[in-house]
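Asks: Sharing a structure, written as structure tokens. Questions coming.
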Amino acid sequence: MNRNQEYEALLQELEATPAALDGTAERALRRRRRERRLRIFGVPAGSLAACFAAFVLLVNLFPPFARACGNVPLLRALAQAVAWSPSLSAAVANDYVQPIGQSQTVNGITATIEYVIVDQKQVHIFFTLKGEGYESLSAELPEFTPWQRCSVLGGDFLQPPGTLLRFTLDYQDNDVPEGFTMTLGVTGETAGEAESHPPAASSVWDALEEDTVPPDNSILATFTFDLKFDPTYTASGEIIPVNSAFQLDGQALTVTEVEVYPTHVRVNVEGAAANTAWLKSLDFYLENEDGERFDSITNGVTASGEEGSPAMVSYRLESPWFARCGHLTLHITGATWLDKDMERIRVDLANGTADQLPEGVELYSAERSGDGWRIEFRARSREENHFHQLFYSTYYDPDGTEHDQQATSVTAPDDGYFYRQMVLRDYPWSEVWLCPAYSRTTTAETPVTIPIK
């Protein structure tokens, strides 16, 4: 079987749900919820297919990438780990990978840090968990010594043993250190344990309204790894001053600088103090002299903000680092805003009305439930089979007292819409002030074009 046929077989195999994943959604509903919230996530099949189609193209069009894949025993694991990211795929193709190979076995479970991909601002840690008799193994978010000032994205829960998992650390105001100690706890489920669980909640509302949290006694093993990073990798980065001002939808913005790293690009933007809206997201891409596009990150950290402001000020793109570009141009095609007079909106729960709502969102229902409220919103999807955040977890009662961590859930998109369910527990009031994640979107009639280099 040649390489092309091998990847065709891999794609066909991925179209079917593996037997080991049957019932995963039901088990996820039963899983303990650390923040007493239920969050339901979905991965559109089209997106998954696109990732693997991109992987096939990389393998067939770029021999270095194909050779790199040949050096990794678990072909499927590498495909799942980097196919979604053109930047990480390019890093693998250019041997920009630091093997680690640290392995420990505790209580019959083996954790192995396989390798890392790092630069000056991000760390991607790839690891596996294995253990006989387990249907799934999961890693809790790790702890670091010394403490790391960064955002951390965790690996997927309830994956079959041997799945290549990933932690991503994203540093904003500081750089990746020379190393740190990482401690992680592992949870798991055997087939027998899964069968002995009580039935899952009969509805989303029932699951959201559960008010008991099982005792935290499910950590099966704890592992501690000392990780050291090659300075050759952690020093990789370039900061390009730009200081280019522009107008978009009546708001004054300035691209102050662009940071180019092997794993991603950061576009840093400032909004004028006189603006009537906070910038929440940008639609944009980079283009080099050959017309090659580098789009925004779709799976990972997409943007970061700053303390004391709702605005997002640093946006992530795929990286042209390994393309060795002589020229780069930034094209801005649209934006998402939060109007400053919509940082809080009033919802009349008793009458089922709202003073204002984000664009494309309607209050679908509001009803009393025990000592709280059930609220449901209907929102238009921005893309087919996708949903987006509507509100932050913070909300306020009529006295202005802050509350947090209401239970929320999202149902699958349907006919261009999706539904966001929310439960406010121990909430006797008949009105609530919610904090929207945005208020409106805009598309530039003529894209803003900014030369970067």
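The values are calculated or read from the model by the stated rules, or taken from the named source; none is laboratory data. Predicted, not measured: the structure shown is a model, and the values here were computed from it. Only protein heavy atoms, including side chains, enter the accessible area calculation; ligands, DNA and RNA are left aside. Shrake-Rupley method; radii C 1.70, N 1.55, O 1.52, S 1.80 Å.
Asks: Once phi is turned into θ = phi - 60°, what whole-Hz ³J(HN,Hα) does the Karplus curve with 6.51, -1.76 and 1.60 give for every residue of segment 419-430, x standing for Gly and Pro?
Replies: Values per residue, Gly and Pro as x: 10, 10, 9, 9, 10, 9, 8, 6, 10, x, 6, 9 Hz.
Asks: Shape call for segment 373-453 from the C-alpha gyration tensor, a ≥ b ≥ c root eigenvalues: rounded (a/c under 1.5), prolate (a/b greater than b/c) or oblate?
Replies: Because a/c hits 1.5 or more and a/b fails to exceed b/c, segment 373-453 counts as oblate.
Asks: So what are the ³J(HN,Hα) numbers for segment 386-392, from phi and the Karplus equation (6.51, -1.76, 1.60; θ = phi - 60°), rounded to whole Hz, Gly and Pro as x?
Replies: 10, 10, 9, 6, 9, 9, 7
Asks: How high is the relative contact order of segment 308-453, given as a whole-number percent (alpha carbon pairs under 8 Å, six or more residues apart)?
Replies: 36 percent
Asks: Under the rule of at least 5 residues apart or a separate chain, name every residue whose amide H is placed under 5 Å from the amide H of SER369.
Replies: ARG374
Asks: Could you state the accessible area per residue of segment 311-370 in Å², with a 1.4 Å probe and every protein chain left in place?
Replies: 43 Å²
Asks: I would also like to ask the following. What whole-number value in Å² describes the accessible area per residue of segment 96-174 for a 1.4 Å probe?
Replies: Normalised by residue count, the accessible surface of segment 96-174 is 42 Å².
Asks: With θ set to phi - 60°, apply the Karplus curve 6.51 cos²θ - 1.76 cosθ + 1.60 along segment 302-318 and write out the HN-Hα couplings as whole Hz, x wherever there is a Gly or Pro.
Replies: 9, 6, 9, x, 9, 5, x, 8, x, 6, 8, 10, 9, 10, 9, 10, 5
Asks: For segment 414-431 and segment 90-122, what is the separation of their Cα centres, given in Å?
Replies: 41 Å
Asks: Okay, moving on. Give LYS280/LYS453; LYS228/LYS280; LYS130/LYS228 a once-over and call out the pairs whose C-alpha atoms are over 30 Å from each other.
Replies: Long pairs (Cα-Cα over 30 Å): LYS228/LYS280.
Asks: In terms of modelled amide H atoms, which long-range or inter-chain residues lie less than 5 Å from the amide H of PHE229?
Replies: Those qualifying (amide H under 5 Å, at least 5 residues apart or on another chain) are GLY179.
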